[in-house]
Amino acid sequence: MYTFDVEQAKAAALEAAYQAGVVIRDAFSNVNKKMDTKSAVTDIVTETDVLAEKIVIDRLKAFNSSFVFVSEETNNKIELTDAPTWIIDPIDGTTNFVHSFPFVAVSIGLAVNKQCVLGVVYNPILEETYSAIKGQGAFRKNKDGQDVKITSSAVTEISRSLLSTNYPYDRSTKALNDVHEKMDAFLKQNCRGVRFTGSAVINLVYVASGQLEAYFENGLQIWDIAAGKVIVEEAGGVVIDPCGGEIDISNRRVLAACTSDLAKQLASGLKQVEDKYAEK
């Protein structure tokens, strides 16, 4: 299936994530982190993002220098081809990192033929590691460093679900109302709560491991979704477009759910809100 050893690719991704995790952890408690803004005042980058990205890319290039790289801080063009492509977010949850809020992660995905086939997610603050290879299941490392298989929740009803989303960088009234109305729709259906971790990939792996039933968000980037997508799917969950149908990971939006039945119900509610704003 592959022109490379996918197990060795996973090992390289794990090593890269752990190496980047060292610099993230070392800088985490510094209250005076050097930072800059990108697309908006709420879209932050730090010198640690840049350093962590270099560490990850250098390690992965040592594994195979012919692979394509798409990474958040390099601002390279996001255009998936059939070639093996590493999709990297050196620190997902940069705002959390700046404020020493522990929901941050190194996210490394690998796409082949435009399909996500490998995902590694590492939170160096909470020491949580998640990984998956397509067709081989999803795993979380225990305290002894052993891979333990994870499965998503079996919940099929909104009323038994703990959901998650995040606020977008776009703080316009329309964008905020969109988020609020979606949450309101599910709260009125008595979901057990809506949580904000501030990290897309943390939300995804928590769906995979059964800590959340579902996660939805618009305004993402490909590096926010790629690694988590394969982990959710290999854990038995589903990842679709928020309005239903197959997801395009380049399309900046995601709905991940523990079961297909729950995904369909949530997609119906999300579509109603989006249709409402499309008419305005």
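The values are calculated or read from the model by the stated rules, or taken from the named source; none is laboratory data. Computed from a prediction, not measured in an experiment: that's the story for all the values here. Reconstructed Cβ throughout: ideal geometry from the backbone, glycine too, with neighbour counts over all protein chains shown.
Summary of values
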| quantity | calculated |
| --- | --- |
| Single residue of ILE125, ILE91 found to be among the β-branched types (Val, Ile, Thr) and either within 19 Å of LYS229 (Cβ to Cβ) or out of contact with any Lys or Arg (no Cβ under 7 Å at 6 or more places or on another chain) (or both) | ILE91 |
| Every residue from the range 157-179 that is modelled with pLDDT of 95 or more and either under 21 Å from ARG252 (Cβ atoms) or in a loop (DSSP other than H, G, I, E, B) (or both) | GLU157, SER161, LEU163, SER164, THR165, ASN166 |
| Matching residues, the range 234-252, being in contact (Cβ under 8 Å) with a residue 24 or more places away in the chain and of a type in the set (Asp, Glu) | GLU234, ASP241 |
| Residue among ALA17, ALA52 that is touching a Gly at 6+ places or on another chain (Cβ under 9 Å), under 23 Å from ASN96 (Cβ atoms), at pLDDT 95 or above and buried (at least 18 other Cβ atoms within 10 Å of the Cβ) | ALA52 |
| Selection count where residues are crowded, with 17+ Cβ neighbours inside 10 Å and not hydrophobic (A, V, I, L, M, F, W, C), scope the range 66-94 | 10 |
| Single residue of GLY236, GLY244, GLY210, GLY193 found to be among the small types (Gly, Ala, Ser), outside the structural domain of CYS116 (by TED's automatic domain parsing) and in contact with a Lys or Arg (Cβ under 7 Å, 6 or more places away or on another chain) | GLY244 |
| Pair list, Cβ < 8 Å and 6+ apart or interchain, from the range 51-67 residues that are of a type in the set (S, T, N, Q) to residues that are not in a loop (DSSP other than H, G, I, E, B) | ASN64/ALA9 |
| Residue check, PHE63 buried (at least 16 other Cβ atoms within 10 Å of the Cβ) and within 25 Å of LYS114 (Cβ to Cβ) | yes |
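Okay, residues lined up against (1) farther than 18 Å from GLY109 by Cβ; (2) in contact (Cβ under 8 Å) with a residue 24 or more places away in the chain; (3) hydrophobic (A, V, I, L, M, F, W, C); (4) assigned to a helix (DSSP H, G or I):
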residue: GLU181; (1), (2), (3), (4): yes, yes, no, yes
residue: ASP184; (1), (2), (3), (4): yes, no, no, yes
residue: THR197; (1), (2), (3), (4): yes, yes, no, no
residue: VAL254; (1), (2), (3), (4): no, yes, yes, no
